[in-house]
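To start, the structure itself, in structure tokens.
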Amino acid sequence: MSSSPAKKHKFESTKNPNWVELPKDITSNILQRLNTVEILTKTRYYAVDLSSGHLEKNDIYCFATDDLLQYIAGRASNLRCLQLDSCDRISYEGWCEFVKKFPLLEEIYIS
């Protein structure tokens, strides 16, 4: 016997939930349980993806790598401001490749 349309719809929405529509308190609770590295790496840099190419400012502390910069470069062509703090895992070559892809970049802070 086939399932009713209502049950099928419920199953599909459970399988692929729309995280953007979660109440803010639930989203906050989930994010508080993760550290920054987990948020960006285990969710495949979801914050960058969520910007849908409209990311204009990004602050990264401690965990940036060449791979992360390349990921951002492929998805954030409107980036205007970047701050890197204690990111010692970025190579000179990785940085040069990243900067070439951002004609709108106006501000860079590196410490």
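The values are calculated or read from the model by the stated rules, or taken from the named source; none is laboratory data. Just so it is clear, the model here is predicted, and its values are computed rather than measured. Every residue, glycine among them, receives a Cβ derived from its backbone with ideal geometry; neighbour counts consider all protein chains shown.
Points worth noting:
- Hits in the range 47-64 (condition: touching a residue at least 24 places away in the same chain (Cβ under 8 Å), out of contact with any Cys (no Cβ under 8 Å at 6 or more places or on another chain) and on the phi < 0 side of the Ramachandran plot): Val48, Asp49, Leu50, Ser51, His54, Leu55, Asp59
- Within the range 65-99, the residues that satisfy the criterion of being of a type in the set (Phe, Trp, Tyr) and either under 14 Å from Tyr109 (Cβ atoms) or in contact (Cβ under 8 Å) with a residue 24 or more places away in the chain (or both) are Tyr71, Trp95, Phe98.
- Filter result for Leu69 (out of contact with any His (no Cβ under 9 Å at 6 or more places or on another chain), closer than 19 Å to Val20 by Cβ, of a type outside the set (S, T, N, Q) and surrounded by 13 or more Cβ atoms within 10 Å (Cβ to Cβ)): no
- Filtered by the rule that a residue be touching an Asp or Glu at 6+ places or on another chain (Cβ under 9 Å) and either aliphatic (A, V, I, L, M) or surrounded by 12 or more Cβ atoms within 10 Å (Cβ to Cβ) (or both), the range 90-111 gives Ile90, Gly94, Trp95, Glu97, Phe98, Leu104, Ile110.
- Scanning the range 41-80 for residues that are touching a Phe, Trp or Tyr at 6+ places or on another chain (Cβ under 6 Å) and closer than 20 Å to Thr27 by Cα yields one hit, Tyr45.
Yes/no per residue for (1) aromatic (Phe, Trp, Tyr); (2) in contact with a Pro (Cβ under 6 Å, 6 or more places away or on another chain); (3) under 18 Å from Tyr46 (Cα atoms); (4) in a strand (DSSP E or B):
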residue	(1), (2), (3), (4)
Leu68	no, no, yes, no
Ile72	no, no, yes, no
Ala76	no, no, yes, no
Leu79	no, no, yes, no
Leu84	no, no, no, yes
Cys87	no, no, no, no
Glu93	no, no, no, no
Cys96	no, no, no, no
Pro103	no, no, no, no
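- Qualifying residue in the range 78-93 (condition: at pLDDT 90 or above and among the aromatic types (Phe, Trp, Tyr)): yes
- Residues in the range 46-73 that are at pLDDT 85 or above and charged (D, E, K, R): Glu56, Lys57, Asp59, Asp66, Asp67.
- Of residues in the range 17-45 being outside any helix (DSSP H, G or I) and either at pLDDT 75 or above or touching an Asp or Glu at 6+ places or on another chain (Cβ under 9 Å) (or both), the one nearest to Ile60 (Cα to Cα): Tyr45
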